[in-house]
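Here is the structure we will look at.
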Amino acid sequence: MDKILNDLFSFQDIEYKNFNAKLIPTVDKDLIIGVRTPELRNYAKKLFKEDKKRTFNFLNNLPHKYYEENNLHGCLIEQIKDFDLAMEYTEKFIPFIDNWATCDLFSPKVFKKYPNETYRYILDWIKDEKTYVIRYGVGLLLSNYLDENFKEEHLKIVSKVRSEEYYVNMMIAWYFATALTKQQKYAIKFIENKKLDDWTHNKAIQKAIESRRITEEEKAYLRSLKVKIVK
């Protein structure tokens, strides 16, 4: 067992492993070590700072076996301050992601400093065939592009994504639910005009209604926009 894997097992919490296994059904329970995220992030910072050679050997050694190795991989990419290098390693990594939790875990801060450059990559990711590459792209639009970097075209681009994958459609729903709280005058048009598939449309409304940022009057209106799904 190499040092990094040995270190990860030293942080093992069996109760947390069992808890996590229920949340990420796409990952074999035997491939979950059981390391809490704060512990993982602290370890990533320490490893990146103290052992660059081991860090980049690890980043260049894909695919990984364990869930936490993938999470560590994302946390290590977050430590990279150079945009081009962070993007290079992100592009290499995201095709190997096999679950929603790893996908949603990492978002390099340097991407926020270069929104236009990052956006060009996002446009490619959301056209990809891999579930978690698409989800990662939509997730970045949710986290980094609904405030000062927002453009109405983002809503149009996300609304055109079509997938049979639950984890893609759920992220699209979250994106529109959040957009309804942050950019309502633009997002509401996509709901009124039913630009999403029926399931995602209703899920976006459901999640928006759960938000405290939406008034009771707005919630009532959103409820009226739900569509009936014939099974």
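Here are the numbers:
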{"read-out": "Fewest-first ranking of Asp30, Asp104, using other Cβ atoms within 10 Å as the exposure measure", "value": "Asp30, Asp104"}
{"read-out": "³J(HN,Hα) computed for each position of the stretch 144-151 - Karplus, 6.51 cos²θ - 1.76 cosθ + 1.60, integer Hz, glycine/proline x", "value": "10, 10, 10, 10, 5, 8, 5, 9"}
{"read-out": "Set of lysines near Lys231 by C-alpha distance (under 29 Å), chain-local residues within fewer than 8 positions excluded", "value": "Lys22, Lys127, Lys130, Lys156, Lys160, Lys189, Lys194, Lys195, Lys203, Lys207, Lys219"}
{"read-out": "Fewest-first ranking of Ser143, Ser224, using other Cβ atoms within 10 Å as the exposure measure", "value": "Ser224, Ser143"}
{"read-out": "Within the chain: Cβ-based charge dipole about Cα centre, in debye rounded to nearest 20 (Lys, Arg +1; Asp, Glu -1)", "value": "620 debye"}
{"read-out": "Between helix 37-50 and the chain: long-axis angle, C-alpha atoms, 0 to 90°, nearest 10", "value": "50 degrees"}
{"read-out": "Proxy reagent accessibility, fewest Cβ within 10 Å first, across Arg135, Arg120", "value": "Arg120, Arg135"}
{"read-out": "The stretch 126-192 and the stretch 15-37: distance between their alpha carbon centers, rounded to Å", "value": "27 Å"}
{"read-out": "Top positive-direction residue, dipole computed over the chain with Cβ charges, set Tyr114, Leu225, Ile157", "value": "Leu225"}
{"read-out": "Helix 115-125 vs. the chain, principal-axis angle (Cα, 0 to 90°, nearest 10)", "value": "90 degrees"}
{"read-out": "Between helix 14-23 and the chain: long-axis angle, C-alpha atoms, 0 to 90°, nearest 10", "value": "30 degrees"}
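Laboratory data are not the source of any read-out in this text; all were calculated from the coordinates shown. None of these values were measured; they are calculated from a predicted model. In this analysis, Cβ positions are derived from the backbone assuming ideal geometry, glycine residues included, and neighbour counts consider all displayed protein chains.
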